[in-house]
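The values are calculated or read from the model by the stated rules, or taken from the named source; none is laboratory data. All figures in this text were calculated on a predicted structure; none of them were measured in a lab. Cβ: placed from backbone, ideal geometry, glycine included. Neighbour counts: every protein chain shown. SASA here: full protein model, heavy atoms, side chains in, ligands and nucleic acids out. Shrake-Rupley method; radii C 1.70, N 1.55, O 1.52, S 1.80 Å.
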Amino acid sequence: MKQYTDPAADFTGPKTGFPVGDKKSVVFVSCAATIALCNDAGAAVKDAAQTLGWNVNVIDGGGTATGWLDAMNKAIALHPDAIIEAAISPDAVPEPFKRAKEAGIPVVSLFASGSPGPIDTAGVFYNEDTDGAAVGTAMAQYAVADSGGRARVVIIYDNTYAIARAKNDAMKKVIEACSSCQLLEDVSTPFGELSKNVPGLLSGWLSKYSGEPLYVLSVGDIAFDTMIPTLNSRGVKAGEVKLIGADGSAAAYQRIRDGKFQVTTVPQPVREMAYNAVDQVTRALNSQPAVSWSPVPFLVTRDNVNDAGGDQNRYEPANGYADQYKKIWGIS
């Protein structure tokens, strides 16, 4: 697992860029204010864009397809120079992406499709993302290794999100390829309704699947926030249930640090990705092609939880990315 537990040390982003020109306006559309990943991305995009002297408006998508549609339409109505959105799949709400393209407003996405690169069918200039399949593979391989090849696994995800589907498919593939492992359940539930659905799901798993440990893999750490009270109320001890998540929320870092059920998470280097998203906007506005880039998955465990920004409960690669981007933007 060493390839996943050593944080990135070198800057692997673009080496050349473009002058930023006149002050620009950007709208950031968040998937949901309740999801830390999207909130953190918005704050980081605002920080990077304001470094360039740009104006940034933030709109909350509310965590539902209806909310995303409304938020994207509000963003287009502001006639910005560009839109950056987080975790809103064009497959779920294709119409506003089509309208943005027709209006000549470039859209750069974060975590929207499960893999990095342009989404040509939706007119998305570039989707900033870790490779969802690589993240899911790392998570499931951790469960297999930690269990000595005998992992008993349930998976929880939200199939509304393309990145969640990519992670889920990869996790299933790894567990199903392990002949002595068991994939007990694979459940999709709306992440906007976790507080309502998760306690019942978890209680059912604890009743049906006796024995230990039970590995619960979630495409997002947010699912575990509502599991902890149920685990505590049922007297479950650490080690009897092991939680493996992704996104690297502050709560996840603290649970790992405290040894409270969660054993690992795969955080996104959100601030670095946000700077790259803003850089992609500069390229779109200069009629230049996007630059391909994706971070390597990093597994946070109790052994490395305070490394690479972990002492601040986030993944902050020590590669000087902010200075590197300022340099290629000509403002350092």
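Worth pointing out:
- Failed item in (1) among the aliphatic types (A, V, I, L, M); (2) in contact (Cβ under 8 Å) with a residue 60 or more places away in the chain; (3) in a loop (DSSP other than H, G, I, E, B), with Val305 passing the rest: (2)
- Flag set for Val108, criterion: within 17 Å of Ile163 (Cα to Cα) and touching an Asp or Glu at 6+ places or on another chain (Cβ under 9 Å).
- Spans of helices (runs of 4 or more DSSP H) in region 1-105 with at least 2 residues over 23 Å from Trp293 (Cα atoms), out of contact with any Asp or Glu (no Cβ under 7 Å at 6 or more places or on another chain) and open to solvent by less than 70 Å² (accessible area, probe 1.4 Å): 65-77, 94-102
- Pairing each residue of region 73-90 that is on the phi > 0 side of the Ramachandran plot and touching a residue at least 40 places away in the same chain (Cβ under 8 Å) with any residue that is open to solvent by less than 10 Å² (accessible area, probe 1.4 Å) and assigned to a helix (DSSP H, G or I), provided the two are 6+ apart or on different chains, yields C-beta distances under 7 Å for Ala87/Cys38.
- Scanning region 106-116 for residues that are open to solvent by 10 Å² or more (accessible area, probe 1.4 Å) and not polar (S, T, N, Q) turns up Pro106, Pro116.
- As a summary of the residue check, Ala134 satisfies the conditions (1) closer than 20 Å to Asp247 by Cα; (2) open to solvent by less than 10 Å² (accessible area, probe 1.4 Å) except for the one numbered (2).
- Residues located in region 279-321, provided they are farther than 26 Å from Val219 by Cβ and either aliphatic (A, V, I, L, M) or open to solvent by 30 Å² or more (accessible area, probe 1.4 Å) (or both): Val281, Ala284, Leu285, Asn286, Ser287, Gln288, Pro289, Val291, Ala318, Gly320
- Any hit, region 226-244, residues being in contact with a Lys or Arg (Cβ under 7 Å, 6 or more places away or on another chain) and closer than 20 Å to Ala166 by Cα: no
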